[in-house]
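Everything on this sheet refers to the single structure shown next.
What follows is calculated from the coordinates using simple rules that are stated; it is not laboratory data. Computed from a predicted structure; not experimentally measured. Glycine gets a Cβ as well: all are built from the backbone with ideal geometry, and neighbour counts include every protein chain shown.
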Amino acid sequence: MARKPTRAASPPHTSWQIERGGVHLKKEFEQITRSAREGITKVVGIGPLVLFSTATRDAWVLDVEDKLACCLARDGASLGVDFEESDERFSIRWQAGFEIHGEAFVLLEDGPRVRTILGYPTEAIASTIKLLHDRGQR
């Protein structure tokens, strides 16, 4: 029997403190959006985040701790994202919760809406999430 997706309250505006290490999220968002526009599939783990682009020209940022998602680009077009970044912190207004079920990328949006997307690099996303969790356990 398939596990039914759980529904969280409205996605929050979360804030994380990060060690920079030369990483600027705005630039990372621009690069993953550029990859999406070019139809390049890419998955990148940065701190508590996974960024990915798809051959279908979409780009997303995921919060792996709280299972939240924000779409950066759809069909190659960059979307406006409520995002702030300083030298020590960043914050993002998340659009939905997410789950990965095999080849399905499942979005848990406001209200009763659940959307399933096929064709995303879910295996690579899940592997990157596992890698980030394993690093956090050490």
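Worth pointing out:
- Single match in 57, 89, 93, 113 (criterion: basic (Lys, Arg) and either touching a Pro at 6+ places or on another chain (Cβ under 9 Å) or surrounded by 19 or more Cβ atoms within 10 Å (Cβ to Cβ) (or both)): 93
- Restricting the search to strands (runs of 3 or more DSSP E) fully inside region 36-132 and requiring at least 2 residues that are not acidic (Asp, Glu) gives 42-46, 49-53, 59-63, 68-74, 89-93, 96-101, 104-108, 114-118.
- Residue list for region 27-49, filter: touching a Leu at 6+ places or on another chain (Cβ under 7 Å), of a type in the set (A, V, I, L, M, F, W, C) and within 14 Å of residue 78 (Cβ to Cβ): 29, 32
- Within region 100-137, the only residue that satisfies the criterion of being of a type in the set (Phe, Trp, Tyr) and touching a residue at least 24 places away in the same chain (Cβ under 8 Å) is 120.
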